[in-house]
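Have a look at the structure below, then the notes.
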Amino acid sequence: MTPDLMRAIDYWVGIPLVFLFTLVSRVQRVIGLATSPAGRPRNILFIQLAEMGTMVVAYPALRKARELHPDATLHFLCFSQIRSSVEMLAIIPSENIITVDSHSGLSLARDTLRFLWRARRRRIDTVLNMEAFVRYSSLLSYLSGACRRVGFHRFNQEGAYAGDLLTHRVLHNGHTHAAHGSLDIGHALAAPADQVTRVKRPRAMDCLEVPKILTDASAADGIWRKLRAIHAEIGPTRKLVVLNPNASDKFPMRRWPLESFAELARRLLEDPEVFVLITGVASEKVDAQSICAQLGSPRALDLTGQTTMTELLHLFDLAHVLVTNDSGPAHFAALTRIHEVVLFGPEIPDRYRPLSTTADVIHTGYSCSPCIGPLNQRRSPCNDNLCLKSIDIGAIAVLVRSRLEAVRSSAPLAGARSSEGDAGALQHSELRK
């Protein structure tokens, strides 16, 4: 199903259903049929349905839940197409990942009904719903049969109705990083029951570190073989720049123009030591081929559709700089040693910057940004993303070259770099054309 169709279903079908089940829930509480939320969690289900990059953002919350409830078994519910993102975090056992196929209305309905049976078979007693104001996830949380249901509640925020099906209501704070909000969900179970809003704690205590992958010799050899099959002269002594020019069909307004990526690549390729690697899924090959055709250089490699999720992470770990839109790969890259340059426009880095110690976040500070977020189901009215188009290609080229040189001077290239560093952010005036 298309993103717009899913949003429409969530609105037109979801609102009446969450309203109906809210009434049912209130009647249950009045007549004493509601299960008490008291007691210790034994089987905790996290719900994070879509957007692959949010899995990395949610990692600190998963880690905290395991720390706070060491005796509980953790489960995860997501759409089938992002299962690999959950698996790569290696914190939820593969057999405890439940998926819903959202490719069609029939598969969505089938797997929703199947989930109700699976939740009861696994004896899910606690749900941590990390989706913000998504009616479908609210319904799944309630229908799971869990006696403890934690999630974001709108309180006095108009227009974000997702029913009142929670036992532990958490305030959604749109002014802080999403990882802090996920941690609030994790802390809610231990918060005082009479406290409104449920979670009140200093953000300074939060640990937002994410694990780093290990690219061993075998994994590195596999990546180099794949690259040398395209260009025999590529190797560890070259400068590798990865470009991710896409941002999924859900959020086309988050894309820096392909022409800008192509021009950036052209300027970087003026250095004969630079190789440009263009990544993406198979459906994005047309865009990658367009960039390669404009460049006409054998040192521009189209890797779209040629890497698994694990191989992509190892590629990032061996390369030196990633230039990417605000999208999933920006967050995956935080699990590696690569230096990131992340281009923000319709969303703001204060909310979604990658959890990386080596990243430059680029945001031109347009007055209309952010124009997407949980309160509008990330559906922007924008018809011309000037916030991204105005990013100066020359400034990005200079930045990338400086990061390449910093890597070269600090350690040998491709595999022996330090994973430590300071996250950076250029000032608005430096980035605008």
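Scanning segment 89-101 turns up no residue that is among the small types (Gly, Ala, Ser), outside any strand (DSSP E or B) and either farther than 26 Å from Pro70 by Cβ or open to solvent by less than 20 Å² (accessible area, probe 1.4 Å) (or both).
Residue count for segment 3-32 under the criterion of being within 14 Å of Cys147 (Cα to Cα) and touching a helix residue (DSSP H, G or I) at 6+ places or on another chain (Cβ under 8 Å): the result is 1.
If you check Ala178, Ala191 for being in contact with a helix residue (DSSP H, G or I) (Cβ under 6 Å, 6 or more places away or on another chain), open to solvent by less than 30 Å² (accessible area, probe 1.4 Å) and touching a residue at least 12 places away in the same chain (Cβ under 8 Å), only one passes: Ala178.
Among the residues in segment 112-126, are any in a loop (DSSP other than H, G, I, E, B) and touching a Cys at 6+ places or on another chain (Cβ under 6 Å)? Within segment 112-126, one or more residues are in a loop (DSSP other than H, G, I, E, B) and touching a Cys at 6+ places or on another chain (Cβ under 6 Å).
Considered as a group, the residues in segment 61-79 that are within 16 Å of Ile185 (Cβ to Cβ) and outside any helix (DSSP H, G or I) include one that is nearest to the chain's Cα centre (by Cα), and that residue is Cys78. Scanning segment 279-322 for residues that are on the phi > 0 side of the Ramachandran plot and open to solvent by less than 60 Å² (accessible area, probe 1.4 Å), we see that the one that is nearest to the chain's Cα centre (by Cα) is Gly280. For the condition open to solvent by 30 Å² or more (accessible area, probe 1.4 Å) and touching a residue at least 24 places away in the same chain (Cβ under 8 Å), what is the one hit in Leu165, Leu171, Leu128? Just a single option satisfies the conditions, and that option is Leu171. For segment 326-343, taking the residues that are under 14 Å from the mean Cα position of the chain (by Cα) and hydrophobic (A, V, I, L, M, F, W, C), the one that is surrounded by the fewest Cβ atoms within 10 Å (Cβ to Cβ) is identified as Leu335. If you go through segment 169-194 and keep only what is in a loop (DSSP other than H, G, I, E, B) and either within 21 Å of His69 (Cα to Cα) or of a type in the set (Gly, Ala, Ser) (or both), you end up with Gly174, Ala191, Pro192, Ala193. Against the numbered list (1) within 23 Å of Tyr161 (Cβ to Cβ); (2) aliphatic (A, V, I, L, M); (3) surrounded by fewer than 13 Cβ atoms within 10 Å (Cβ to Cβ), Ile9 comes up short only at (3). The set of residues in segment 331-353 being in contact (Cβ under 8 Å) with a residue 60 or more places away in the chain and farther than 19 Å from Pro374 by Cβ consists of Phe332, Ala334, Leu335, Thr336, Arg337, Ile338, His339, Val341, Leu343. Contact map, segment 253-265: residues that are farther than 23 Å from Arg379 by Cβ paired with residues that are at pLDDT 95 or above and small (Gly, Ala, Ser), Cβ distance under 7 Å, separation 6+ or inter-chain. Pairs shown: Leu264/Ala397; Ala265/Ala300. Restricting attention to segment 207-228, the residues that are open to solvent by 30 Å² or more (accessible area, probe 1.4 Å) and under 27 Å from the mean Cα position of the chain (by Cα) add up to 9. Scanning segment 14-33 for residues that are open to solvent by 30 Å² or more (accessible area, probe 1.4 Å) and either among the hydroxyl-bearing types (Ser, Thr, Tyr) or free of Cβ contacts under 8 Å to residues at least 60 places away in the same chain (or both) gives Pro16, Leu20, Leu23, Val24, Val27, Gln28, Arg29, Val30, Ile31, Gly32, Leu33. Going by the conditions given, is Thr2 modelled with pLDDT of 95 or more, among the hydroxyl-bearing types (Ser, Thr, Tyr) and either closer than 22 Å to Ala132 by Cα or out of contact with any Leu (no Cβ under 6 Å at 6 or more places or on another chain) (or both)? No. In segment 38-60, is there at least one residue being open to solvent by 70 Å² or more (accessible area, probe 1.4 Å), outside any helix (DSSP H, G or I) and aliphatic (A, V, I, L, M)? Looking for residues that are open to solvent by 70 Å² or more (accessible area, probe 1.4 Å), outside any helix (DSSP H, G or I) and aliphatic (A, V, I, L, M), one finds at least one in segment 38-60, hence yes.
The values are calculated or read from the model by the stated rules, or taken from the named source; none is laboratory data. Computed from a predicted model, the values in this text were never measured in an experiment. Positions of Cβ are backbone-derived with ideal geometry, glycine not excepted, and every protein chain shown enters the neighbour counts. Accessible surface is based on the protein model in full, side chains and every heavy atom, while ligands, DNA and RNA are left aside. Shrake-Rupley method; radii C 1.70, N 1.55, O 1.52, S 1.80 Å.
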